[in-house]
Amino acid sequence: MDNTLIDKVKLLEDKYAQMGQDLHSYLDGLLLSNYLTYWDYIQVDTLLTLQNPKTDYPDEVIFIMYHQITELYFKLSLHELNQIANNGKEILPNGKDNGWKEKIDAKFLTERITRVNRYFESLTKSFEIMVDGMEKEQFLRYRMALLPASGFQSAQYRMIEICSTDFINLVDKDVRVNFENKNASIEELFENIYWNKGATEIATGKKTLTLKQFENKYGQKFIDLANEYKTKNVWQKYLSLTKEEQEHQPLINALKQLDVNVNINWPLMHYKSAVRYLQQNTQDIAATGGTNWQKYLPPRFQKRIFYPTIWTEEEKADWGKGWVETNVFKVH
Ligand code: HEM
């Protein structure tokens, strides 16, 4: 037996001894256990049982799977945001972790935000699958069997927002000034969250069933998360860096890119799909429970901005404008 192997066995012996375990028994287990397979590790069989259309229209499965793909990317984004919040856990080669870092640095923050940017850029690029990849006639039919469900009810999407910025920035822009510098509680702010506007019936001004169900299931969870992230959302982590680190240009660029990806580029591609399927001769197709999505979805109306202080007044005033004009309405 070569020496490196003997050294490894000694290390293993130490590892198990520390827990009062006997290495011999574990080695017996290793001799008996099967080799790992791809399908077990990735859980392919389970994954492929999760697509269950409500109708017989073949394109419905594209709609389901693309939402699932999106939710997985959202989960990856939350995985990064969670590490930013908790100062990144490092796993050492012996399988132990070194506990939490005391503080993250500009390099760590830049790298993790860049990962989230990559996930969102991948989603924005692939959104063509929704925009052009389904027959409109099929979509309009099977969509009616899905009411009142809507992507609006994606909890992970809202969690990404809560983890990325101070909660005040998610308050509806028209009433936000009433809460600024007032030390309002998360509960108060949540009453005025921007997304309420997207789920209000045009005719009655009442909350839609889509929103009521969403609030019942996730309202308290969002409030708890927002309270937890008050001091550890991305912006707060940025502010915890030294002045010098805050001026690190790649970090500022990554923050700006995150703002653009989450609050302009993805929403605009998504809006483009709503225009393609739901807008006919300037009249809405009532496939979404009667919400005023045309006045709600475009980023230039919502003006959701995670990091307002890193943008100029002009940039904020033009939020989302250029893109929508050239890409959605083909104005040049
Ligand atoms: C053909 C494809 C799609 C169409 C036509 C569409 C349409 C809409 C509409 C009209 C709304 C406004 C709320 C409502 O009336 O229900 C909405 C909201 C939303 N959808 Fe989609 N959607 C599509 C695909 C997706 C996908 C793939 C996702 C990924 C999870 C998604 C996530 C969302 C989210 C997060 C909102 C809330 C946006 C906000 O509050 O600003 N949608 N969608």
If you scan segment 180-233, which residues turn out to be closer than 29 Å to Ile104 by Cβ and aromatic (Phe, Trp, Tyr)? Phe190, Tyr194, Tyr218, Phe222, Tyr229
Give me the residue from segment 32-44 that is aliphatic (A, V, I, L, M) and within 40 Å of the chain's Cα centre (by Cα) and, out of that set, surrounded by the fewest Cβ atoms within 10 Å (Cβ to Cβ). Leu36
Enumerate the pairs (first residue in segment 151-162 and closer than 17 Å to Ile84 by Cα; second residue anywhere and of a type in the set (D, E, K, R) and more than 8 Å from the ligand (Cβ to nearest atom)) with beta-carbon separation below 8 Å, excluding pairs fewer than 6 apart on the same chain, so at least 6 apart or on different chains. Gln156/Lys75
If we scan segment 214-221, do we find a residue that is under 20 Å from the mean Cα position of the chain (by Cα), farther than 24 Å from Leu81 by Cβ and assigned to a helix (DSSP H, G or I)? no
Which residue pairs have Cβ atoms closer than 8 Å, lie 6 or more positions apart in sequence or on different chains, and pair a first residue in segment 296-318 that is in a helix (DSSP H, G or I) with a second residue that is among the β-branched types (Val, Ile, Thr) and more than 11 Å from the ligand (Cβ to nearest atom)? Pro299/Ile264; Pro299/Val324; Arg300/Val324; Ile310/Ile252; Lys316/Ile305
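Each row is one residue, and each column tells you yes or no for (1) in a helix (DSSP H, G or I); (2) in contact with an Asp or Glu (Cβ under 9 Å, 6 or more places away or on another chain); (3) surrounded by 11 or more Cβ atoms within 10 Å (Cβ to Cβ); (4) acidic (Asp, Glu).
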residue: Tyr16; (1), (2), (3), (4): yes, yes, yes, no
residue: Ser25; (1), (2), (3), (4): yes, no, no, no
residue: Leu30; (1), (2), (3), (4): yes, no, no, no
residue: Thr46; (1), (2), (3), (4): yes, no, no, no
residue: Thr49; (1), (2), (3), (4): no, no, no, no
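Can you list the helices (runs of 4 or more DSSP H) found entirely within segment 125-196 that contain at least 1 residues being within 13 Å of the ligand (Cβ to nearest atom)?
Passing ranges, in order: 128-132, 136-142, 155-164.
Residue by residue, here is whether (1) part of a helix (DSSP H, G or I); (2) surrounded by fewer than 17 Cβ atoms within 10 Å (Cβ to Cβ); (3) at negative phi holds:
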site	(1), (2), (3)
Glu228	yes, yes, yes
Trp235	yes, no, yes
Tyr238	yes, no, yes
Leu241	no, no, yes
Asn253	yes, yes, yes
Leu258	yes, no, yes
Ile264	yes, no, yes
Lys272	yes, no, yes
With respect to Asp40, determine if the residue is over 20 Å from Arg115 (Cβ atoms) and part of a helix (DSSP H, G or I). yes
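Here is a yes/no grid of residues against (1) at pLDDT 95 or above; (2) under 30 Å from Leu147 (Cα atoms):
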{"residue": "Lys206", "(1), (2)": "no, yes"}
{"residue": "Lys212", "(1), (2)": "yes, yes"}
{"residue": "Tyr218", "(1), (2)": "yes, yes"}
{"residue": "Ile223", "(1), (2)": "yes, yes"}
{"residue": "Ala226", "(1), (2)": "yes, yes"}
{"residue": "Tyr229", "(1), (2)": "yes, no"}
{"residue": "Lys232", "(1), (2)": "yes, no"}
{"residue": "Gln236", "(1), (2)": "yes, no"}
{"residue": "Gln246", "(1), (2)": "yes, no"}
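Only one of these is more than 30 Å from Glu135 (Cβ to Cβ) and among the β-branched types (Val, Ile, Thr): Thr37, Thr70, Thr55, Thr49. Name it. Walk me through how you get there before you give the answer.
Details: Thr70 fails: more than 30 Å from Glu135 (Cβ to Cβ); Thr55 fails: more than 30 Å from Glu135 (Cβ to Cβ); Thr49 fails: more than 30 Å from Glu135 (Cβ to Cβ).
Among Thr37, Thr70, Thr55, Thr49, only Thr37 is more than 30 Å from Glu135 (Cβ to Cβ) and among the β-branched types (Val, Ile, Thr).
The values are calculated or read from the model by the stated rules, or taken from the named source; none is laboratory data. Note that the structure is predicted; figures quoted are calculated from it, not measured. Neighbour counts run over all protein chains shown; Cβ positions are idealised from the backbone, glycine included.
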